[in-house]
Amino acid sequence: MNASDARGLPIGVFDSGVGGLTVLKALREAMPHEDLVYLGDTARLPYGTKSPASISRYACQATALLQQRNIKLLVVACNTASAVALEALREQMDPLPVIGVVEPGASAAVAARPGARHLVLATEATVRLGAYREALLGLDAGATVTELACELLVSLAEEGWNDGSIAESIVLRYLSDLADDARHPESVILGCTHFPLLRDTFAAVFDDGVSIVDSASTTAAAANQLLTELSLANDENDTGDLVLLATDGATRFARVGGQFLGHDLGHDDIEVVDL
Ligand code: DGL
């Protein structure tokens, strides 16, 4: 297929669940004319506590389903899957492009605060692989990086308990494991798709003036630029279609996903698929 035929194809986006909808929202804002197919692998969430072999297998299966929907670009809207499986997914999608969220998140943080003391909040798997450390130090050798796994914050965001005393106490409990310097970073990187929902809590807990960075808008900007460079951007003026797929629990996906997407979703807006 040539580039002009491929322009009208959708962008595929996947996450382990609803968290990647924060990235989907940014993609829609940056590229309102693009059709989007989003897959949340809710049946197997969380990825963050699983082994790299399982995460990789799940990510490849999710990608295969999106390939059947004829996507022109894959956005891996999950930090854990980006950290573990990006290379495998690039091979699987070849020659079509793949964008993860770790590189864009790291470059946003370095651009906001060169030479900073960064604290990366992420899942266990992302921290274990040191994906953000590698990306940050690759971009800025003068940076210092501490990575902290905060699994419980995924559940808090899923539950909608994003601010208030419970959320703040849990964040403070995680921070209490850190040395004093790391507890007072100049830059906090939200290295998990769910954490942008807790932004007010982070703003309350960290020192004034700290940069709080997430990957959503930088990933969307990177996707936009890549499609333009590859002559794959949709040149229609209509608003793009959105298809939402989940591997389990349409009702819960609609309830929680609506908070991430910023508008109400109904059970019927979600198609349940098997991988
Ligand atoms: N989407 C995952 C991430 O960004 C968080 C949820 C999970 O562990 O599956 O790392």
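The values are calculated or read from the model by the stated rules, or taken from the named source; none is laboratory data. Model, not experiment: these values are computed from the prediction. In this analysis, Cβ positions are derived from the backbone assuming ideal geometry, glycine residues included, and neighbour counts consider all displayed protein chains.
Kindly evaluate residue 137 against the criterion of being away from the ligand (no atom under 16 Å from the Cβ), modelled with pLDDT of 95 or more, part of a helix (DSSP H, G or I) and surrounded by fewer than 23 Cβ atoms within 10 Å (Cβ to Cβ). So residue 137 fits the description; yes.
Okay, residues lined up against (1) closer than 27 Å to residue 234 by Cα; (2) crowded, with 20+ Cβ neighbours inside 10 Å:
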{"residue": "11", "(1), (2)": "yes, yes"}
{"residue": "15", "(1), (2)": "yes, yes"}
{"residue": "40", "(1), (2)": "yes, yes"}
{"residue": "51", "(1), (2)": "no, no"}
{"residue": "54", "(1), (2)": "no, no"}
{"residue": "59", "(1), (2)": "yes, yes"}
{"residue": "64", "(1), (2)": "yes, no"}
{"residue": "87", "(1), (2)": "yes, no"}
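Among the residues of segment 234-264, just one is without any contact (Cβ under 8 Å) to a residue 40 or more places away in the chain, outside any loop (DSSP other than H, G, I, E, B) and closer than 19 Å to residue 32 by Cα, namely 258. Given the criteria touching a Leu at 6+ places or on another chain (Cβ under 7 Å) and assigned to a loop (DSSP other than H, G, I, E, B), does residue 162 qualify? Yes; evaluated as a whole, the condition is true for this residue.
In the set (1) surrounded by fewer than 20 Cβ atoms within 10 Å (Cβ to Cβ); (2) in a loop (DSSP other than H, G, I, E, B), residue 228 fails one condition alone, (2).
The residue pairs whose first member lies in segment 221-233 and is touching a residue at least 60 places away in the same chain (Cβ under 8 Å) and farther than 8 Å from residue 73 by Cβ, whose second member is buried (at least 16 other Cβ atoms within 10 Å of the Cβ) and small (Gly, Ala, Ser), and whose beta carbons are closer than 7 Å, counting only pairs six or more residues apart or on different chains, are 221/30; 224/30.
Could we say that residue 120 is within 15 Å of the ligand (Cβ to nearest atom), part of a strand (DSSP E or B) and over 22 Å from residue 188 (Cα atoms) here? No, not satisfied. Residues that are more than 18 Å from residue 246 (Cβ to Cβ), among the aliphatic types (A, V, I, L, M) and in contact with a strand residue (DSSP E or B) (Cβ under 8 Å, 6 or more places away or on another chain) within segment 28-65 comprise just one, 31. With respect to residue 17, is the statement that it is assigned to a loop (DSSP other than H, G, I, E, B) and within 20 Å of residue 265 (Cβ to Cβ) true? Considered against the rule, which asks whether it is assigned to a loop (DSSP other than H, G, I, E, B) and within 20 Å of residue 265 (Cβ to Cβ), residue 17 comes out as yes. Cβ separations smaller than 7 Å between residues 6+ apart or across chains give the following pairs from segment 176-197 residues that are more than 18 Å from residue 218 (Cβ to Cβ) and part of a helix (DSSP H, G or I) to residues that are of a type outside the set (A, V, I, L, M, F, W, C) and more than 16 Å from the ligand (Cβ to nearest atom): 181/117; 182/146.
Here is a check on your reading of the model: is residue 102 within 16 Å of the ligand (Cβ to nearest atom), under 12 Å from the mean Cα position of the chain (by Cα) and not acidic (Asp, Glu)? Yes.
Going by the structure shown, is residue 80 within 16 Å of the ligand (Cβ to nearest atom) and under 30 Å from residue 210 (Cβ atoms)? Spelling it out, residue 80 is indeed within 16 Å of the ligand (Cβ to nearest atom) and under 30 Å from residue 210 (Cβ atoms). Scanning segment 20-61 for residues that are within 12 Å of the ligand (Cβ to nearest atom), assigned to a helix (DSSP H, G or I) and within 21 Å of residue 129 (Cα to Cα) turns up 54, 55, 58, 59. The set of residues from segment 110-128 being surrounded by 19 or more Cβ atoms within 10 Å (Cβ to Cβ) and either among the acidic types (Asp, Glu) or within 23 Å of residue 55 (Cβ to Cβ) (or both) comprises 120, 121, 122, 123, 125, 126, 127.
Exactly one residue among 145, 154 is more than 16 Å from the ligand (Cβ to nearest atom) and buried (at least 19 other Cβ atoms within 10 Å of the Cβ), and that residue is 145.
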